[in-house]
Structure formats: structure tokens, C-alpha cells
Amino acid sequence: MVRLPLTPAEVERGQRLGALLRRARGDRSMLEVALAARVSPETLRKIETGRVATPAFPTVAAIADVLGLSLDAVWAEVTQPENDRRVRQDVRERLAS
């Protein structure tokens, strides 16, 4: 099966996810977090660096749980620019009417 290339928005979302997880991990080692989440350290490294822009939901959920992040908070952070664009578009539409 051929996988379609990621859109720029998907790549950006993956980078935001990786940055969020790195910040939440803080001083904890990548190995410690990966083992606690039952993912390979290589998988965690790829997610944190944005090389895996669309990780599987159970993987994200496991890492978020280990880091004490709610999935709501992760989703809000990862989709924030998209939400901001929607709000700006709504404001423009209201101003135009």
C-alpha cells in the first residue's frame, strides 16, 4: 500500500506534538519515559523530533499518560494554530457582514 505524503499542516502538527512531549518530559530521560509508556526509545525520539508526524493514537495516549498530560490538553496544544485560523476566519466573516 502506498502512503500519501503528509500535508504541510500534518507535518506542522507533528512538530507541535513533538515539542509538547519534549517539554513535558523535562529532565526525565527518553529511555525512562519510553519504557514506562511501553514504546521503543526510537519511536519516542522520532515523535519528539517530528519524524513521525502522525503517530498511532494508543502510542500518543500511553506517552501522555506517563507524562501526566491529558489528551484534551495534548489535542488543544497540537491543533492550536488550526483553531486560531478558524477563529480569525470567523471574525473576518462577521466583519464582512
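The values are calculated or read from the model by the stated rules, or taken from the named source; none is laboratory data. What you are looking at is a predicted structure, and each value in this text was computed from that prediction instead of being measured. For neighbour counting, all protein chains shown are included, and Cβ atoms are generated from backbone atoms with ideal geometry for every residue, glycine included. All accessible areas refer to the heavy atoms of the entire protein, side chains included, with ligands and DNA or RNA removed. Shrake-Rupley method; radii C 1.70, N 1.55, O 1.52, S 1.80 Å.
Descriptive notes on the structure:
- For the range 40-68, filtered to residues that are over 25 Å from THR7 (Cβ atoms) and either in contact (Cβ under 8 Å) with a residue 12 or more places away in the chain or under 15 Å from the mean Cα position of the chain (by Cα) (or both), the residue that is surrounded by the most Cβ atoms within 10 Å (Cβ to Cβ) is VAL66.
- Residues that are in a helix (DSSP H, G or I) and among the basic types (Lys, Arg) were ranked within the range 1-53; the one that is nearest to ASP65 (Cα to Cα) is ARG25.
- All positions within the range 1-27 that are of a type outside the set (A, V, I, L, M), out of contact with any helix residue (DSSP H, G or I) (no Cβ under 6 Å at 6 or more places or on another chain) and in contact (Cβ under 8 Å) with a residue 24 or more places away in the chain: GLU10, GLU12, GLY14, GLN15
- Members of the range 18-32 that are within 27 Å of ARG3 (Cβ to Cβ) and open to solvent by less than 60 Å² (accessible area, probe 1.4 Å): GLY18, ALA19, LEU20, LEU21, MET30
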